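What follows is a short report on a single structure.
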Amino acid sequence: MQIEQFVMAYGAEQDRLRAMLPDSFESLRPVLRINAEIRDEKEVYVEFNTPVRAYGKRGWINIDNWDSSKDDISFERTGKTVRIVSPFLTLIYTGVGIEGGCPAEKDNDGCFFLSGSEAFREAEVIANNKEFCDCEFAWHFNEGDAHGVSIGKTLPAFREDVEHEYEKADLTAENAAAIPCRQVLGAYIVRFTR
């Protein structure tokens, strides 16, 4: 299967992320990440994650995921720009022609899933270079949901000390999308065969 994977991360208040995690999970950084895949130029798959530590592993916890075979998601291309759209999310990626790697991948055992048949998926090893991109996104669950635009460079995200204790909330895409985007931290496209 030919995969075109679009990855972007944005900064969000870590205390609000902590309030949504199940008890066994520790928030590692104030980050939310969207992974979108175009598979064989036909199907679109989207994941929404945040970095965690649990059960002796460091990686991501899947907040939610969607698949165009059962969810309303599509994509369109205009030159170097790919636009992925659904009623709840808009993603726009434009490759800038500069290649490199992603530091977060060095700190990733895989992804935890809280529902479905898969509890933990080991990290996929992708040797291909990533093409950095300009990125724009907006969640559309509710008015005022997170949205942002990249600024042409990759920015770090560091663990934040606890400042506020929020009431426990369910780990849902709608709740996570309501946390404002501080800044898009980076985005890239990688193409490979799975």
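Quick notes on this one:
- Strands (runs of 3 or more DSSP E) wholly inside region 103-194 containing at least 1 residues that are within 24 Å of Ile38 (Cβ to Cβ), in contact (Cβ under 8 Å) with a residue 12 or more places away in the chain and of a type in the set (Gly, Ala, Ser): 110-112, 130-139, 147-149, 183-193
- Qualifying residue in region 70-82 (condition: in contact (Cβ under 8 Å) with a residue 40 or more places away in the chain, buried (at least 17 other Cβ atoms within 10 Å of the Cβ) and not basic (Lys, Arg)): yes
- Each residue in region 1-56 was checked for being of a type in the set (Asp, Glu) and either assigned to a helix (DSSP H, G or I) or touching a residue at least 40 places away in the same chain (Cβ under 8 Å) (or both), and 4 pass.
- Residue, farthest from Glu160 (Cα to Cα), within region 14-59, restricted to residues that are in contact with a strand residue (DSSP E or B) (Cβ under 7 Å, 6 or more places away or on another chain) and of a type in the set (Gly, Ala, Ser): Ala36
- Meets criteria (surrounded by 14 or more Cβ atoms within 10 Å (Cβ to Cβ) and over 29 Å from Phe158 (Cα atoms)) for Val52: no
- Region 67-96: number of residues that are farther than 20 Å from Phe141 by Cα, in a strand (DSSP E or B) and modelled with pLDDT of 95 or more: 7
- Residue within region 139-149 that is out of contact with any Ser or Thr (no Cβ under 7 Å at 6 or more places or on another chain) and farther than 22 Å from Ile92 by Cβ present: no
- The single condition among (1) touching a Phe, Trp or Tyr at 6+ places or on another chain (Cβ under 9 Å); (2) on the phi > 0 side of the Ramachandran plot; (3) loosely packed, with under 14 Cβ neighbours inside 10 Å that Ala119 does not satisfy is (2).
- Asp67 vs. criteria surrounded by fewer than 16 Cβ atoms within 10 Å (Cβ to Cβ), free of Cβ contacts under 8 Å to residues at least 40 places away in the same chain and more than 17 Å from the chain's Cα centre (by Cα): no
- Qualifying residue in region 126-140 (condition: of a type outside the set (A, V, I, L, M), touching a helix residue (DSSP H, G or I) at 6+ places or on another chain (Cβ under 8 Å) and either at pLDDT 90 or above or surrounded by 11 or more Cβ atoms within 10 Å (Cβ to Cβ) (or both)): yes
The values are calculated or read from the model by the stated rules, or taken from the named source; none is laboratory data. All figures in this text were calculated on a predicted structure; none of them were measured in a lab. Cβ sites come from the backbone with ideal geometry, for glycine too, and all protein chains shown count toward neighbours.
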